[in-house]
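Data block below; observations after.
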Amino acid sequence: MLRAQKVRLYPNRQMAKVLDSLCDYRRYCWNQGLATWNDMY
């Protein structure tokens, strides 16, 4: 049986800024990995 748990965040301005920057970095890493994959294949 699989169980899921939802978590809701209520960040203040500083936390929201940090979360946005981390999501931008994640997207950058994904795009770099995707470009490498496309170059290889």
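The values are calculated or read from the model by the stated rules, or taken from the named source; none is laboratory data. Values in this document were obtained by computation on a predicted structure and should not be read as measured data. All Cβ positions, even for glycine, are placed from backbone atoms using ideal geometry, and neighbour counts span all protein chains on display. The accessibility values were calculated without ligands, DNA or RNA, using every heavy atom of the protein model including side chains. Shrake-Rupley method; radii C 1.70, N 1.55, O 1.52, S 1.80 Å.
Tabulated results
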{"quantity": "With every protein chain in place, the chain: carbon and sulfur % of accessible area (1.4 Å)", "calculated": "58"}
{"quantity": "Heavy-atom accessible area per residue - the chain, 1.4 Å, Å²", "calculated": "118"}
{"quantity": "Cα Rg, Dmax (largest Cα-Cα span) when computed across the chain, Å", "calculated": "15.9, 43"}
{"quantity": "Within the chain: Cβ-based charge dipole about Cα centre, in debye rounded to nearest 20 (Lys, Arg +1; Asp, Glu -1)", "calculated": "380"}
{"quantity": "Positive-pole candidate from 33, 12, 23, dipole of the chain, charges at beta carbon", "calculated": "12"}
{"quantity": "Value at 222 nm in deg cm²/dmol, rounded to 500, when DSSP H runs of n ≥ 4 in the chain each add -39,500 (n - 2.57)", "calculated": "-24500 deg cm²/dmol"}
